[in-house]
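The values are calculated or read from the model by the stated rules, or taken from the named source; none is laboratory data. What you see is a predicted model; the values in this text were computed from it and never measured. Cβ placement follows ideal geometry from the backbone for every residue including glycine, while neighbour counts extend to all protein chains displayed.
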Amino acid sequence: MDKNKELARIFEKMADILEFLGDNAYRINTYRRVANILSELSTDIEELVSTGKIRSIPGIGESSLEKILEYLQTGKVSKYEELRKKVPEDLLELMDVPGIGPKTLKLAYDRLRIRTKEDFIRAVRSGMLATIPGIGEKKVSNIMRGLELWEKSKERMNLIEAYHIAMDLLKHFEKVKELYEKLEPAGSLRRYKETVGDIDLLICARRENWTELHKHFVAYEGVQEVLLHGETKSSVVLKNGKQVDLRTIEPHQWGSALQYFTGSKEHNVRIRDIAKAKGLKLSEYGVFKADTEEWLGGRTEEEVYSLLGMQVPPPELRENAGEVELALEGRLPRLVELSDIKGDFHMHSNWSDGMASLEEMARACFELGYRYMVMGDHSQSSRVANGLDPDRYREQFKLIEKLNQYYNPLGFYILKGCEVDILPDGSLDLPDELLEEFDFVVASIHSRFNQDNTYRILKAMESPYVNLIGHPTGKAYGTREGYPIDFEKVLKQAKETGTALELNTHRADLSPEKVKRCMEEGVMIAIVTDAHSVRHLSYIKLGVGLARRGWAVPELVLNTRDLEGVKAFVEAKRKKMLSYITS
């Protein structure tokens, strides 16, 4: 699948260069769309070309197909090579920085003769950039914050990126599955932290297989550099610059090693103190009597924590934030689990800015075992996302009704939904008479991220038809800090109006601390993927992990309700808020 990724990168870079040069917007958007399609393909591009299936993929026209074929035949795309000569690629990296667009870069390129990333950063910090007409100090201040965020994001990868890397490596090890018993990611990825540094993999196998397993690991096609190649530990740097460590463990040490390498450091220090107080010693090799070094256990995590007189704290909670005390008392709550999830409330199809058809999204949700899904394409104000006006929504309703004729007898339901824009004054982008026709409504802010948006959200929640506030903080890990809001006011209004708050997996915008506040106040959350392709639907697993970090319990996660429970939630709000309006 490396060629899929490289082709996606080439098309994305061509779009960046053309945008910098002020080229035709249609061509730029076409290249970006092709890049998205290629990055989301679940089949190798060479196989799609050889079978001819590439021609049936919507969005890949003849011109783009020619470039794909050229790359597969020669390893290059001549159009890309030609464009690369017109602008320093080093400078284009800065287009990933929040607040820096192609126009700003072009002005710096033309007016200040800036040719490198370092030159641009110096111009920002020295105040030179602010001297260009049309930029000004406020714009430069935003760029400075964006640069800080960008630099920080390069130190750690977001959860979704780390998850994909780990899944690719697990697939790589399937080729030698006869050599090992267990294989799991550990560290911050197993704890589902919003960002991950290095990826830690633990593999349990008989010692005679260790050499062969490490040899297989360093031979992974994504490896750029081998930092360490041993029998118990190997470390590599991947082509994307991320480090992965592999540690081999003997079967009887699996539980203690998994506990140790999962962390966090603070949690591990705390439980080692508990072990010491009990006359025990705890390490990655097992639980021992402190005085005699007698090995007592370590085969499973349950065995490790049981010897310490504790429940097993879920990995997501292991931050020494109260979980140890509750585990000692046997009072840990049952957190929401993936198996509890019965549907997804926020996704997009190619009716707006999604990659897949409504039919494809429905089939994928059904195959995931869901009972229901909400099709939530963008409303009309989101022009860049091809938002739907009332007539197009009603046209979509007809397709949903047709699909439901097939799926309803199978126990699966497609709910008519939308992601309606919350406008600058807090009003909604669609009229009430249309909103009333939807089964479920998500309301989101997509503009004016620099202002305090508390009022807009509070006003939107007053609508009887708004059931969920989409990405309520506006944060997107690594790309946007989020807009200013008074979250406590939002929390209070959500509870009073019966509106749920969204934990958007793709953005990781509702932090564990905010999820925990929802749980404490009895405010319902919904875990969503905000899927724009079939592949994105699998991110629900990560969303559940993020929710668990916030101590989310099933009772306050809307996705755990069956269809009748969701309908009751929607109806309860409508009845309550309409009674206020008519009284």
The range 131-233: helices (runs of 4 or more DSSP H) wholly inside it with 1 or more residues that are outside the structural domain of Leu503 (by TED's automatic domain parsing) and surrounded by fewer than 16 Cβ atoms within 10 Å (Cβ to Cβ) are 136-155, 159-173, 210-218
Tell me which residues, restricted to the range 245-254, are part of a helix (DSSP H, G or I) and not aromatic (Phe, Trp, Tyr). Pro251, His252, Gln253
Right, Lys239: in the same structural domain as Glu178 (by TED's automatic domain parsing) and either of a type outside the set (Lys, Arg) or under 28 Å from Glu316 (Cβ atoms) (or both) or not? no
Which ones in the range 519-542 are closer than 20 Å to Arg191 by Cβ, crowded, with 17+ Cβ neighbours inside 10 Å and not hydroxyl-bearing (Ser, Thr, Tyr)? Met519, Ile525, Ile527, Ile540, Leu542
Residues of the range 1-17 satisfying the condition of being within 16 Å of Ser63 (Cα to Cα) and either touching a residue at least 40 places away in the same chain (Cβ under 8 Å) or outside any helix (DSSP H, G or I) (or both): Leu7, Ile10, Phe11, Met14
Residue in the range 370-380 that is nearest to Asn559 (Cα to Cα), counting only those that are part of a loop (DSSP other than H, G, I, E, B) and over 21 Å from the mean Cα position of the chain (by Cα): Arg371
From Leu65, Leu92, Leu69, Leu107, residue being more than 30 Å from Lys475 (Cβ to Cβ), of a type in the set (A, V, I, L, M, F, W, C), part of a helix (DSSP H, G or I) and touching a residue at least 12 places away in the same chain (Cβ under 8 Å): Leu69
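Residues are listed down the side, and each one gets a yes or a no for (1) of a type outside the set (Val, Ile, Thr); (2) under 30 Å from Ile165 (Cα atoms); (3) outside the structural domain of Pro98 (by TED's automatic domain parsing); (4) in a loop (DSSP other than H, G, I, E, B):
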| position | (1), (2), (3), (4) |
| --- | --- |
| Ile485 | no, no, yes, yes |
| Glu488 | yes, no, yes, no |
| Ala494 | yes, no, yes, no |
| Glu520 | yes, no, yes, no |
| His536 | yes, yes, yes, no |
| Gly545 | yes, yes, yes, no |
| Gly565 | yes, no, yes, no |
| Ala572 | yes, no, yes, no |
| Lys575 | yes, no, yes, no |
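Hey, among Ile143, Ile160, Ile100, which residue is in contact (Cβ under 8 Å) with a residue 40 or more places away in the chain, more than 21 Å from Asp16 (Cα to Cα) and among the β-branched types (Val, Ile, Thr)?
Values: Ile143 fails: more than 21 Å from Asp16 (Cα to Cα); Ile100 fails: more than 21 Å from Asp16 (Cα to Cα).
Only one candidate qualifies: Ile160.
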In the range 449-469, is there at least one residue being closer than 30 Å to Lys152 by Cα and small (Gly, Ala, Ser)? no
Residues located in the range 18-29, provided they are over 24 Å from the mean Cα position of the chain (by Cα) and either assigned to a helix (DSSP H, G or I) or outside the structural domain of Leu94 (by TED's automatic domain parsing) (or both): Leu18, Glu19, Phe20, Ala25, Tyr26, Arg27, Ile28
Out of curiosity, is Asp425 in a loop (DSSP other than H, G, I, E, B), assigned by TED's automatic domain parsing to the domain that holds Met375 and in contact with a Pro (Cβ under 7 Å, 6 or more places away or on another chain)? no
Scan the range 457-474 and give yes if some residue there is of a type in the set (D, E, K, R), surrounded by 21 or more Cβ atoms within 10 Å (Cβ to Cβ) and in the same structural domain as Gly498 (by TED's automatic domain parsing), otherwise no. no
Scan the range 137-162 residue by residue and report those that are over 30 Å from Asp198 (Cβ atoms) and in contact with a helix residue (DSSP H, G or I) (Cβ under 6 Å, 6 or more places away or on another chain). Glu137, Val140
Hits in the range 292-345 (condition: under 21 Å from the mean Cα position of the chain (by Cα) and not charged (D, E, K, R)): Pro314, Pro315, Leu317, Leu335, Val336, Leu338, Ser339, Ile341, Gly343, Phe345
Taking the range 381-400 on its own, how many of its residues are crowded, with 18+ Cβ neighbours inside 10 Å, out of contact with any His (no Cβ under 6 Å at 6 or more places or on another chain) and in a helix (DSSP H, G or I)? 3
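Residues are listed down the side, and each one gets a yes or a no for (1) modelled with pLDDT of 95 or more; (2) of a type in the set (D, E, K, R):
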| position | (1), (2) |
| --- | --- |
| Cys418 | yes, no |
| Glu433 | yes, yes |
| Asp439 | yes, yes |
| Arg448 | no, yes |
| Gln451 | no, no |
| Tyr477 | no, no |
| Asp486 | yes, yes |
| Glu502 | yes, yes |
Can you pull out the residues in the range 33-58 that are of a type outside the set (D, E, K, R), modelled with pLDDT of 80 or more and not in a helix (DSSP H, G or I)? Gly52
Going through the range 441-468 in order, the residues found to be in contact with a Lys or Arg (Cβ under 8 Å, 6 or more places away or on another chain) and among the aromatic types (Phe, Trp, Tyr) are Phe449, Tyr465
All but one of (1) under 29 Å from Arg548 (Cα atoms); (2) among the hydrophobic types (A, V, I, L, M, F, W, C); (3) touching a strand residue (DSSP E or B) at 6+ places or on another chain (Cβ under 6 Å) hold for Ile271, so report the exception by its number. (3)
Right, Ala508: under 13 Å from the mean Cα position of the chain (by Cα), in contact (Cβ under 8 Å) with a residue 12 or more places away in the chain, part of a loop (DSSP other than H, G, I, E, B) and not assigned by TED's automatic domain parsing to the domain that holds Ile37 or not? yes
